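J.: Take this structure first; my questions come after.
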Amino acid sequence: MSAPKRTYKIAAIPADGVGKEVVAAGRRVLDALAEHSNGKFAFAWDEFDWGSEYYARTGRMMAEDGLETLKNYDAIYFGAVGWPTVPDHITLWGLRLNITQNFDQWANVRPVHFHPGVVSPLRKADDTHLDWVVVRENSEGEYAGLGGRNLSARGPGNEVALQTALFTEKGCERIIRFAFDLARTRRVKKVSSVTKSNAQQYGMVLWDETFARVAQDYPDVTTESVLVDAMSAKFVLKPEDLSVVVASNLNADILSDLGSALAGSLGLAASANYNPERRFPSMFEPVHGSAPDIAGQGVANPIGTILSGALMLEHFGLTDEAARLQKAVDATTASGVLTRDIGGTATTDEVVAAVVANLQL
Ligand SMILES: NC(=O)c1ccc[n+]([C@@H]2O[C@H](COP(=O)([O-])OP(=O)(O)OC[C@H]3O[C@@H](n4cnc5c(N)ncnc54)[C@H](O)[C@@H]3O)[C@@H](O)[C@H]2O)c1
């Protein structure tokens, strides 16, 4: 067989808990897809053992020159980080946020996809077309890491902590434009902007004003500005009104978990952390965490990770292949091959086998 026309170099970082199981599952599906591509493309994987066990051995969440190493890859395929033996802020900042922040992966895209055969807690999901995408500002906002703790000056029981959110006009504008550009590619051309600008009168008012200004450049796109409390109600009561939802780091993080729960499970939700300028590799990962409660049992739902692979294919311009993967996943859920979290009894391996078989359809 001749060499594939294009080989994509992917850095796999399974990290902790179910991250290891779902990344292995996703790799098997992506390799099967590449095998069926008639030599169009292949993946060359390097796997890195960074995460909480690496931290226990070395005192670091990733190699000291890890970012330098990762720069040379076409993309990063990530599992989940966090384990009960290490404080969550150390694991998250030491690995995942270290990569997203330093590689300026400022656009985090999290589609909310309803799968055939998966029961949604929303009754209207049975007879209403629901499909929206959360666009999360991924470089500043509430996760800018600014603040400090005054451990001693006020004496025992009087500690003070300050956590500052950072909003820059450039940061707001680039993610809002990204959301509008994405809306233009969708069936329903609408952007809902989410803030809490009634209570947070500086950063979030800057966001609202930037949204109103940018919207003028997209007269073909419908808009609305909604407070985050009202938007969480809307996710449940009027989700058919949504197409692209753009929000700050924290608000979009919470709303996208709500969205994936409404679609049936956190285990279904895919995400992409894009550096849209392509100066650095982008990173593709499920929305869920390391799920210590089910880790090692072979029952983790691999669909969020598999569909993050579909987002990676789209990023490489392989849109037909991404659609094929999405179809294979939908055929799998429709046929009742479901993990425990979505009401079935299938193992991770059984879902992978079914998705691979359905790639032929
Ligand atoms: N991106 C990330 O790496 C990321 C995101 C969220 C949480 N975390 C970390 O993960 C750890 C656990 O956090 P948590 O419990 O709040 O969130 P979690 O997403 O790990 O788990 C929440 C619930 O969803 C279930 N779940 C998650 N993924 C699943 C899957 N693929 N299949 C079936 N069920 C699944 C879990 O069993 C659990 O009941 C913490 O250390 C946290 O910091 C990491």
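J.: What are the residues in region 295-320 that are of a type in the set (S, T, N, Q) and within 15 Å of the ligand (Cβ to nearest atom), if any?
T.: Q297, N301, T305, S308
J.: Of a type in the set (V, I, T), within 25 Å of the chain's Cα centre (by Cα) and open to solvent by 50 Å² or more (accessible area, probe 1.4 Å), is that true of T223?
T.: yes
J.: Which one is nearest to the chain's Cα centre (by Cα), of the residues in region 1-33 that are part of a strand (DSSP E or B), farther than 24 Å from N358 by Cβ and more than 14 Å from the ligand (Cβ to nearest atom)?
T.: A11
J.: What do you reckon, is Y55 over 19 Å from V352 (Cβ atoms) and within 14 Å of the ligand (Cβ to nearest atom)?
T.: Yes: the conditions hold for Y55.
J.: Give me the residue from region 145-175 that is touching a Lys or Arg at 6+ places or on another chain (Cβ under 9 Å) and outside any loop (DSSP other than H, G, I, E, B) and, out of that set, least open to solvent (accessible area, probe 1.4 Å).
T.: Looking at residues that are touching a Lys or Arg at 6+ places or on another chain (Cβ under 9 Å) and outside any loop (DSSP other than H, G, I, E, B), I get I175.
J.: A follow-up question, please. Only one of A179, A183, A199, A212 is modelled with pLDDT under 95 and not β-branched (V, I, T); which?
T.: Among A179, A183, A199, A212, only A199 is modelled with pLDDT under 95 and not β-branched (V, I, T).
J.: Moving to a separate point now. Select from region 198-212 the residues that are open to solvent by 90 Å² or more (accessible area, probe 1.4 Å) and among the charged types (D, E, K, R) and list them in ascending order.
T.: Result: E209, single match.
J.: Can you tell me which residue within region 235-262, out of those that are part of a helix (DSSP H, G or I) and of a type in the set (V, I, T), is most open to solvent (accessible area, probe 1.4 Å)?
T.: Top of the filtered list is I254.
J.: Here's another thing I want to ask about it. Somewhere in region 73-87, is a residue more than 16 Å from the ligand (Cβ to nearest atom) and open to solvent by 40 Å² or more (accessible area, probe 1.4 Å)?
T.: Within region 73-87, one or more residues are more than 16 Å from the ligand (Cβ to nearest atom) and open to solvent by 40 Å² or more (accessible area, probe 1.4 Å).
J.: Anything in region 280-331 that is among the aliphatic types (A, V, I, L, M), in a helix (DSSP H, G or I) and open to solvent by less than 10 Å² (accessible area, probe 1.4 Å)? List them, or say none.
T.: I303, I306, A310, M312, L313, A322, L325, A328, V329
J.: Now, a different point. Output yes when any residue across region 185-197 is open to solvent by 10 Å² or more (accessible area, probe 1.4 Å), in contact with a strand residue (DSSP E or B) (Cβ under 9 Å, 6 or more places away or on another chain) and of a type in the set (S, T, Y), and no when none is.
T.: yes
J.: Among (1) on the phi < 0 side of the Ramachandran plot; (2) touching a Ser or Thr at 6+ places or on another chain (Cβ under 7 Å); (3) not hydroxyl-bearing (S, T, Y), where does A261 come up short?
T.: (2)
J.: Could you tell me which of the residues S232, S265, S271 is more than 14 Å from the ligand (Cβ to nearest atom) and either in contact with a helix residue (DSSP H, G or I) (Cβ under 7 Å, 6 or more places away or on another chain) or open to solvent by less than 10 Å² (accessible area, probe 1.4 Å) (or both)?
T.: S232 is the lone residue from the list that is more than 14 Å from the ligand (Cβ to nearest atom) and either in contact with a helix residue (DSSP H, G or I) (Cβ under 7 Å, 6 or more places away or on another chain) or open to solvent by less than 10 Å² (accessible area, probe 1.4 Å) (or both).
J.: If you take the residues in region 118-130 that are assigned to a helix (DSSP H, G or I) and touching a residue at least 40 places away in the same chain (Cβ under 8 Å), which one is nearest to S282 (Cα to Cα)?
T.: A125
J.: Out of all the residues in region 130-144, which are open to solvent by 20 Å² or more (accessible area, probe 1.4 Å) and farther than 14 Å from T168 by Cα?
T.: Hit for region 130-144 is D131, nothing else.
J.: What number of residues within region 62-89 are under 20 Å from the mean Cα position of the chain (by Cα) and either without any contact (Cβ under 8 Å) to a residue 12 or more places away in the chain or more than 23 Å from L311 (Cβ to Cβ) (or both)?
T.: So the answer is 3.
J.: Additional query: Identify, please: which residue in region 343-353 is open to solvent by less than 20 Å² (accessible area, probe 1.4 Å) and in contact (Cβ under 8 Å) with a residue 12 or more places away in the chain and is, among those, nearest to the ligand (Cβ to nearest atom)?
T.: Among residues in region 343-353 that are open to solvent by less than 20 Å² (accessible area, probe 1.4 Å) and in contact (Cβ under 8 Å) with a residue 12 or more places away in the chain, the one nearest to the ligand (Cβ to nearest atom) is T348.
J.: Read through the list (1) free of Cβ contacts under 8 Å to residues at least 24 places away in the same chain; (2) of a type in the set (K, R); (3) closer than 27 Å to D330 by Cβ, then give the number of the only condition that R154 fails.
T.: (3)
Rundown of residues vs (1) touching a residue at least 12 places away in the same chain (Cβ under 8 Å); (2) under 24 Å from Y202 (Cα atoms); (3) not basic (K, R), yes/no style:
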{"residue": "N98", "(1), (2), (3)": "yes, no, yes"}
{"residue": "V109", "(1), (2), (3)": "yes, no, yes"}
{"residue": "H113", "(1), (2), (3)": "yes, no, yes"}
{"residue": "P116", "(1), (2), (3)": "yes, no, yes"}
{"residue": "W132", "(1), (2), (3)": "yes, no, yes"}
{"residue": "Y143", "(1), (2), (3)": "yes, yes, yes"}
{"residue": "Q163", "(1), (2), (3)": "yes, yes, yes"}
{"residue": "C172", "(1), (2), (3)": "yes, yes, yes"}
{"residue": "T185", "(1), (2), (3)": "no, no, yes"}
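The values are calculated or read from the model by the stated rules, or taken from the named source; none is laboratory data. This is a predicted model, so every value here is computed, not measured. Neighbour counts are summed over all protein chains in view; Cβ atoms, including those assigned to glycine, are modelled from backbone coordinates with ideal geometry. These accessible areas exclude ligands, DNA and RNA; they are computed on the full protein's heavy atoms, side chains included. Shrake-Rupley method; radii C 1.70, N 1.55, O 1.52, S 1.80 Å.
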